[in-house]
1. Residue by residue through the range 92-102, note down the ones that are more than 14 Å from residue 139 (Cα to Cα) and buried (at least 24 other Cβ atoms within 10 Å of the Cβ).
2. Test residue 208 against the stated conditions and say whether it is part of a loop (DSSP other than H, G, I, E, B), touching a strand residue (DSSP E or B) at 6+ places or on another chain (Cβ under 7 Å), surrounded by fewer than 24 Cβ atoms within 10 Å (Cβ to Cβ) and not basic (Lys, Arg).
3. Does residue 216 satisfy being touching a residue at least 12 places away in the same chain (Cβ under 8 Å), among the acidic types (Asp, Glu), touching a helix residue (DSSP H, G or I) at 6+ places or on another chain (Cβ under 6 Å) and crowded, with 17+ Cβ neighbours inside 10 Å?
4. Could you check how many residues of the range 245-257 are of a type outside the set (Gly, Ala, Ser) and either in contact with a His (Cβ under 6 Å, 6 or more places away or on another chain) or surrounded by fewer than 16 Cβ atoms within 10 Å (Cβ to Cβ) (or both)?
5. Considering each residue of the range 141-168, count those that are under 20 Å from residue 79 (Cα atoms) and either within 9 Å of the chain's Cα centre (by Cα) or surrounded by fewer than 24 Cβ atoms within 10 Å (Cβ to Cβ) (or both), and give that number.
6. Which residues, counting only those in the range 118-138, are of a type outside the set (A, V, I, L, M, F, W, C) and part of a helix (DSSP H, G or I)?
7. List pairs: first residue in the range 230-243 and more than 14 Å from residue 147 (Cα to Cα), second residue of a type in the set (Asp, Glu) anywhere in the structure, Cβ distance under 6 angstrom, at least six positions apart or on different chains.
8. Identify, from the list 95, 115, the residue that is touching a helix residue (DSSP H, G or I) at 6+ places or on another chain (Cβ under 8 Å) and either assigned to a helix (DSSP H, G or I) or closer than 21 Å to residue 235 by Cβ (or both).
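Where a number appears in this text, it was derived from the coordinates with a stated rule and is not lab data. Please read all numbers here as calculations on a predicted model, not as lab measurements. As a convention, Cβ positions derive from the backbone with ideal geometry for all residues, glycine included, and neighbour counts pool all protein chains shown.
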Amino acid sequence: MEIVRPEFVPDASLSREDMESLQREIAEVAVFADDLAVDPAAVCGDDAAATDDEQTSLADVDASGGEAGADPAAGPPLVAGVDQSFVDDHAVSAIVLLRGGEVVERAYAVEPVEIPYIPGLLSFREGNAILSAFDLLAREPDLALLDGSGRIHFREAGIATHVGVTLDLPTVGVAKSLLCGTPRESLDRKLPEGARVAIEADADVETAEPGTHIGDAVQTRQFENADRYVNPLIVSPGHRVSADTASDVALACANGYKLPEPTRLADKYADDVKAEVRDDL
């Protein structure tokens, strides 16, 4: 997949001030409204999820990355899940590409980690590995879900936004914790499955008006047992997706798990390739 905005490719050699300035530029270019030709409710298919073995098997994928015997132009949209793992001082970015809930292609890339983790600057640590993995895909996704924040970010330019704008690809950020912003309702309670609580920009979000809807806490799964609970995911638009649609996608792709199926499978794939990467380093 080609880079559309090379000026936004993450550069770990920049000063922190320059990194933050670049993020402000990215936020100005980012589109936090729907500009995608897919139905959010159908992106992961209508059928129940297959088993992990079925979903991560590429036995039915041809050498070009397409489904054997399938018409590449037909069927549901292509949805990518993106997640990272680490081997020593290298980032491993894994992408799983699904069509109608079935895996049709996988790719991973390994890049050196040049800076430590700094809240708000994750894309400068992991972004190049993600872009390298996208470059290896034989097909171009219609939508990508990334492990990390999108608009819910100090400068509205989390890793999902940074990657989305650089590739001009519709993206959704799926994070496990709230980086910034204020929930409209308390999250310190057990939310029912399917619930969403809007996250508003606050003083920590320097590029948005206070009160702007920048994402949601989304309850993709919940225990029926009153003594156990699952925390919500923090979902936000990355690029060319609205906050409401980002949450719709996360819920549509949950398939009985907390993580949306694309990122869940990408997380598993990233762990699976660690041994291979370690042997190659």
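1. At the first step, the residues of the range 92-102 found to be more than 14 Å from residue 139 (Cα to Cα) are 92-94, 100-102.
Answer for the range 92-102, where residues must be more than 14 Å from residue 139 (Cα to Cα) and buried (at least 24 other Cβ atoms within 10 Å of the Cβ): 92, 93, 94.
2. Working: part of a loop (DSSP other than H, G, I, E, B): yes; touching a strand residue (DSSP E or B) at 6+ places or on another chain (Cβ under 7 Å): yes; surrounded by fewer than 24 Cβ atoms within 10 Å (Cβ to Cβ): yes; not basic (Lys, Arg): yes.
Considered against the rule, which asks whether it is part of a loop (DSSP other than H, G, I, E, B), touching a strand residue (DSSP E or B) at 6+ places or on another chain (Cβ under 7 Å), surrounded by fewer than 24 Cβ atoms within 10 Å (Cβ to Cβ) and not basic (Lys, Arg), residue 208 comes out as yes.
3. On the way: touching a residue at least 12 places away in the same chain (Cβ under 8 Å): yes; among the acidic types (Asp, Glu): yes; touching a helix residue (DSSP H, G or I) at 6+ places or on another chain (Cβ under 6 Å): yes; crowded, with 17+ Cβ neighbours inside 10 Å: yes.
Yes, satisfied.
4. From the range 245-257, those of a type outside the set (Gly, Ala, Ser) are 245, 248-249, 251, 253, 255, 257; that's our starting set.
Filter once more, so that each one left must be either in contact with a His (Cβ under 6 Å, 6 or more places away or on another chain) or surrounded by fewer than 16 Cβ atoms within 10 Å (Cβ to Cβ) (or both): 257.
Residues in the range 245-257 being of a type outside the set (Gly, Ala, Ser) and either in contact with a His (Cβ under 6 Å, 6 or more places away or on another chain) or surrounded by fewer than 16 Cβ atoms within 10 Å (Cβ to Cβ) (or both): 1 in total.
5. 12
6. Residues of the range 118-138 that are of a type outside the set (A, V, I, L, M, F, W, C), as a first pass: 119-120, 123, 125-128, 132, 135.
123, 125, 126, 127, 128, 132, 135, listed by residue number.
7. What qualifies is 240/35; 242/34.
8. Values: 115 fails: either assigned to a helix (DSSP H, G or I) or closer than 21 Å to residue 235 by Cβ (or both).
On inspection, the qualifying residue turns out to be 95.
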